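Just below is one structure, and these are the notes that go with it.
The values are calculated or read from the model by the stated rules, or taken from the named source; none is laboratory data. Please read these numbers as outputs of a predicted model, since none were measured by experiment. With ideal geometry, Cβ positions are generated from the backbone for all residues, glycine too; neighbour counts draw on all protein chains shown. All accessible areas refer to the heavy atoms of the entire protein, side chains included, with ligands and DNA or RNA removed. Shrake-Rupley method; radii C 1.70, N 1.55, O 1.52, S 1.80 Å.
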Amino acid sequence: MGLAVSSDRTLTMLLGGVPHVLVAGLLLRGWRRRLAAGLTLVGLLGLGVVVLARSGPGEVAERLRYAAQDRRAAYVVEVPGYRPVDSAYGGELGAGDFVPADPAAVPPERHVNVIAGPVVGNARGECGQPHLDAAPTVESCATEPGGVVYLRGVVEHGYQVTRGDRGVVVLGSLAVDRDLLRRATRTLRPATAVDLPTEERPADLFVVGLPGYRAQPLGIPRGVGYAPADHTGNAASVRVALHVTFAGRHPCFQAACTSEGAGLTYVRREDSHGYVLRRGDVDVGVTGGVAVGRSLLRDVALAARPASEDELLRALPPPPDRDLLDRLRAWLQTRT
């Protein structure tokens, strides 16, 4: 039954043969004998409860094992002005990713995609533009001087032009200014190996001039994508993450590091920065996007602490398919 008492001779006797003797004592004549047997049986039942609670692995250890998580790496923290993405710990306490508590603090997505493709048949849109596979679902359109067509969809807007037998769309997220997209479309030209040195066939693509943006090839659909060069044009720029790794990995790989003493190291990468704090045999890391203040990341790294038993019980799910004895044991362990 998983009580883990068979290896102890005394407990085997107490929880094995003794109950039968006591039950027989309850049938004896004389109230004193029956009372003594009854009290002893109650005490024995209490002892059995204690033994059951202490048998098998602890509830926290069992949940950690089921979650494939090492107790030494179970850290939690509160980040001022943020909320955890996973609210399992309750309140503002969490592990993993954190996002600003105020949704208005999250910058709107800014990106631009330049995609070329063949014209689909001879069909024309409402504004006279050729239909393309790459064009967005259009809610409205407008023809502008020079033959360019402005398209506005649900999540993107931009311009479509024709270059020979191909159509090209310059589409940006709605947070990108329309005038910026118009000016970029006027600079449209075939890409070269200088523009896209890692692309095997750059001549099949088109690029535009977008000051403050960096270009990179897109996979599906094939094209060229542009994102802000300062890495501020998305939600990742304001995110914070708590991550714990076992000591031995080099936190400064492809990064610039500055030691601040007492095991605390500031780590700077192109699109993120943060702190790593050595705590025994683990490294507690706190990373933020480029728009997150360095002092906040330092304070959070110093404030991160091991999760308590109660916090782990709240956050970690119990293993499935437990039998009645396992559930009773778990219930007793959480109350002793």
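Numbers for the structure displayed
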read-out: In Å², nearest 10: area of Asp310 left accessible to a 1.4 Å probe; value: 110
read-out: Accessible surface of region 84-225, 1.4 Å probe, proportion on carbon and sulfur as whole %; value: 53
read-out: Probe 1.4 Å, accessible area per residue of region 175-230, Å²; value: 56
read-out: Around Tyr82: net Lys/Arg minus Asp/Glu count, Cβ-Cβ under 11 Å; value: -2
read-out: Charge context of Val155, other residues only, Cβ under 14 angstrom, K/R +1, D/E -1; value: -1
read-out: Three-way shape label, region 235-319, alpha-carbon gyration tensor, a/c 1.5; value: prolate
